[in-house]
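S.K.: Just passing along the structure, written as structure tokens.
The values are calculated or read from the model by the stated rules, or taken from the named source; none is laboratory data. Bear in mind that the values here come from a model prediction, so they are computed numbers and not experimental data. Ideal geometry is used to build each Cβ from the backbone, glycine not excepted, and the neighbour counts take in all protein chains shown.
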Amino acid sequence: MHIHHVRTALLSVLVATSAAAAQTAKPLVMVVGTGGTIGSAGDYWGGNSTYIPIAELVRTAGIDSVATVESEQFLNVPSSAIGPVQWLELSRHISDVFRSRPRVRGIVVTHGTDTMEETAYFLDLTVAGERPVVVTGSMRPSNMVGADGPANLTNAIRAAVDTAARGRGTMVLMDDRLYSARDVTKTNSTRVETFQAPERGPIAIVDPEGAFYRSRSAGRSIPQFDIRGVKDLPRVDIIYSYAGADSVAIDAVVAAGAKGIVIAGVGRGGMTSSQSDAARRAADKGVIVVTSTRTGSGRVPVGTKGDSIGSGDLNPQKARVLLALALTRTSNPAEIRKIFNENQ
Ligand code: ASP
């Protein structure tokens with residue numbers, strides 16, 4: 001019944017939008033769907049939902065005044081099913097679209113919110129060119145009262161066509177706020193205002209009035225990492241620190257073949273002495289250890305020497321993305337420290 005109502009409403013939007021679309025040539029945006037709550041209806045939280053095709057989401061979003069939109073279903077999965085393999089495929093796909101479609105002004109990726117920040121940061125580090133990539137999703141399924149998906153998708157498209165977005169790499173649009181992929185993190189399991197960039201804030205506010213940037217700085221066109229020859233990302237694990245933590249988890253991931261470890265440390269990157277001993281053993285075997293913080297914000301200094309490299313203000317999951325990419329280039333700790341310093 002709910003779905004029936006939604007569909008009826010959708011149809012009238014569709015009629016209105018196609019009439020308007022015929023009148024003016026608008027910038028072209030490609031929306032690449034990967035799934036997540038934004039692409040779901042039904043009892044999503046109860047684990048009983050259905051996926052909605054991206055073409056249908058685009059039709060409902062009311063984007064006719066903003067852009068001409070093409071969409072494609074790249075994946076249709078929860079973001080827990082997206083990891084290094086899909087990052088490589090998605091990044092290559094986006095680069096291919098930009099290369100083969102000069103008219104595409106920007107690309108919007110719809111994605112589950114749980115690991116959105118990791119995919120977005122990977123894209124930020126690997127996609128070439130000045131044209132923006134804007135990742136968005138929703139906290140509420142499409143048939144829930146107060147669903148945030150349509151507004152997020154429309155604002156993401158607004159952001160993607162804005163000339164001020166050029167040269168800013170990959171961004172995340174949620175709840176009327178546009179964030180740099182590097183800075184943003186999910187801070188609440190449930191609320192729509194969950195995405196924040198601790199201490200840095202959003203780079204713009206985007207709503208039906210337009211996109212309002214805090215600064216005009218832009219101009220990036222060269223990705224930091226060229227993934228064309230990369231088949232797999234090296235294994236990098238995140239190890240949590242907590243009162244009384246022992247060495248078992250660190251030794252286990254080293255035995256499993258980890259090339260890098262990120263410690264989600266206490267406070268300013270701290271860990272127990274048992275974990276420190278294990279981290280030193282790992283470093284002696286050539287495993288790169290980066291320390292971050294489990295506190296949710298703040299810095300762990302990258303440092304200048306010693307075994308351990310701090311993540312700066314990259315959270316553990318972002319530090320993992322950067323470390324995995326850094327390891328595709330080098331396993332020299334000094335070089336990796338330099339990469340972390342360049343990304344502060
Ligand atoms: N479980 C969902 C996902 O990340 C949550 C969401 O999209 O908000 O795919």
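S.K.: Return the residues of region 75-118 that are assigned to a loop (DSSP other than H, G, I, E, B), among the charged types (D, E, K, R) and closer than 21 Å to Tyr51 by Cβ; say none if nothing qualifies.
M.R.: The initial filter retains those residues of region 75-118 that are assigned to a loop (DSSP other than H, G, I, E, B), namely 75-78, 82-83, 101-103, 111-115.
From the residues that got through so far, the ones that are among the charged types (D, E, K, R) too are 101, 103, 114.
Residue satisfying the conditions is Asp114 alone.
S.K.: Read through the list (1) surrounded by 22 or more Cβ atoms within 10 Å (Cβ to Cβ); (2) of a type in the set (Gly, Ala, Ser); (3) within 16 Å of the ligand (Cβ to nearest atom), then give the number of the only condition that Ser189 fails.
M.R.: Condition not satisfied by Ser189: (1).
S.K.: Please identify the pairs in which a residue from region 141-152 that is within 21 Å of Pro208 (Cβ to Cβ) and crowded, with 22+ Cβ neighbours inside 10 Å has its Cβ atom under 7 Å from the Cβ atom of a residue that is modelled with pLDDT under 95 and of a type in the set (S, T, N, Q), counting only partners at least 6 apart or on another chain.
M.R.: Cβ pairs passing all conditions: Ser142/Ser40; Gly149/Ser142.
S.K.: A further question follows. Evaluate the following for Glu70: is it out of contact with any Pro (no Cβ under 7 Å at 6 or more places or on another chain), in a strand (DSSP E or B) and away from the ligand (no atom under 15 Å from the Cβ)? Lay out the reasoning, then the answer.
M.R.: On the way: out of contact with any Pro (no Cβ under 7 Å at 6 or more places or on another chain): yes; in a strand (DSSP E or B): yes; away from the ligand (no atom under 15 Å from the Cβ): yes.
Yes, satisfied.
S.K.: Confirm whether Ile94 is within 10 Å of the ligand (Cβ to nearest atom) and either buried (at least 22 other Cβ atoms within 10 Å of the Cβ) or small (Gly, Ala, Ser) (or both).
M.R.: Details: within 10 Å of the ligand (Cβ to nearest atom): no; either buried (at least 22 other Cβ atoms within 10 Å of the Cβ) or small (Gly, Ala, Ser) (or both): yes.
Answer is no for this residue.
S.K.: Sort out which residues of region 203-244 are more than 24 Å from Phe98 (Cβ to Cβ), outside any strand (DSSP E or B) and not hydroxyl-bearing (Ser, Thr, Tyr), and write them in order of number.
M.R.: Pro208, Glu209, Arg214, Pro234, Arg235, Ala243, Gly244
S.K.: Which one of these does Asp162 not meet: (1) modelled with pLDDT of 95 or more; (2) in contact with a strand residue (DSSP E or B) (Cβ under 6 Å, 6 or more places away or on another chain); (3) not hydrophobic (A, V, I, L, M, F, W, C)?
M.R.: (1)
S.K.: Another question, then. Taking the condition within 20 Å of Thr187 (Cβ to Cβ) and either away from the ligand (no atom under 14 Å from the Cβ) or surrounded by fewer than 24 Cβ atoms within 10 Å (Cβ to Cβ) (or both), does Ala120 pass?
M.R.: Details: within 20 Å of Thr187 (Cβ to Cβ): yes; either away from the ligand (no atom under 14 Å from the Cβ) or surrounded by fewer than 24 Cβ atoms within 10 Å (Cβ to Cβ) (or both): no.
The answer is no for Ala120.
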